[in-house]
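Input: a single structure, listed below in structure tokens.
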Amino acid sequence: KTDNRGNSVWEKSFGGSENEVGYDVVSSSDGGFIFVGYSWSYGNEQQVYVIKTDFYGNIEWEKNYGGTMWDVGNAVIEVSTGGYLIAGYSNSPRISSGNSDIYLIRIDSFGNIIWEKGYGNQTFPNHEWAYDLIEIEDENFIVVGSRDRYDKGSKNAIIIRIDSIGNIIWEKEILDDTQIHESAYSISSLQNGSYYICTTINSETSSN
């Protein structure tokens, strides 16, 4: 943590005896912070790893989530009605369809699971990943990421709107026959109800 001039106030490391990676952090309404990523030290194989700290970086609780294979948390937000929602992906049989699927975990302020769900195209060999999310009106959420169709359209950006208990309201996939490998990595909202999505595009027609 730094002050407003970039000077270090404190620095911490978290994890066990194996590899851990952090992908996102947000400040929480209680003055602390919540970090997400993945861990190989805790649970089964690679699991979503979440650390909640106080304002000074002291651990209040840490949890791991997922199944028996590979689970990753890429983004986290604090929900207006309390708790947090984590977005990432899972390859675990109990959660996914057998491929990598979008993995959402709703937890309370103490890290207890309220609900968890996997989202993906059930047809092999499609894979889905979630990279970012925001809360919108009516306790709904928009999640952005990508779907890899391999030889049938390759990788496309996807946008999913869900309700407060994780049910899909709608799903959009950005398809373009002239481009391959599109991924949506970030989403932000404006007060007028518009949204900006940041993506990558690798075009077949241009090496740039």
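The values are calculated or read from the model by the stated rules, or taken from the named source; none is laboratory data. Values in this document were obtained by computation on a predicted structure and should not be read as measured data. Neighbour counts are summed over all protein chains in view; Cβ atoms, including those assigned to glycine, are modelled from backbone coordinates with ideal geometry. Each accessible area value is taken on the protein alone, full model and side chains, heavy atoms only, with ligands, DNA and RNA left out. Shrake-Rupley method; radii C 1.70, N 1.55, O 1.52, S 1.80 Å.
With a simple spin-label model that places each label point 7 Å from the Cα along the Cα-to-Cβ direction, the separation between Val25 and Ile59 comes to 1.5 nm.
Take each peptide in 65-78, 105-118, 8-21, 181-194, count the other Cβ atoms within 10 Å of every residue, and average; sorted highest first, the result is 65-78, 105-118, 181-194, 8-21. Here the spin labels are modelled as points 7 Å beyond Cα on the Cα-Cβ line, and at Arg94 and Asn140 they lie 3.1 nm apart.
Taking a ≥ b ≥ c as the square roots of the Cα gyration tensor eigenvalues, with a/c under 1.5 meaning rounded and otherwise prolate when a/b beats b/c, else oblate, which class fits region 1-109? Don't skip to the answer; put the middle values down first.
Values: a/c = 2.34, a/b = 1.61, b/c = 1.45.
Prolate shape, in that a/c is at least 1.5 and a/b is the bigger ratio.
Per-peptide packing, taken as the mean over residues of other Cβ atoms within 10 Å, places 79-92, 134-147 in the sequence 79-92, 134-147 from highest down. Extents of region 76-126, taken as max minus min of Cα coordinates on every principal axis and listed largest first, are 36, 16, 11 Å. Computed with the Debye formula from one identical point scatterer per Cα of the chain, without solvent, the log10 of I(q)/I(0) at q = 0.09, 0.19 Å⁻¹ comes to -0.37, -1.38.
Take every Cα pair under 8 Å in the chain that's 6+ residues apart, average their separations, divide by the length, and report that relative contact order as a whole percent.
This gives 10 percent for the chain.
The phi-based Karplus calculation (6.51 cos²θ - 1.76 cosθ + 1.60; θ = phi - 60°) puts the 3J(HN,Hα) values of region 184-196 at 9, 9, 7, 9, 9, 10, 10, 5, 7, x, 8, 9, 10 Hz, whole numbers, x for Gly and Pro.
For region 30-172, with all protein chains in place and a probe radius of 1.4 Å, 51% of the accessible heavy-atom surface sits on carbon or sulfur. Take each peptide in 31-39, 161-169, 50-58, count the other Cβ atoms within 10 Å of every residue, and average; sorted highest first, the result is 31-39, 50-58, 161-169.
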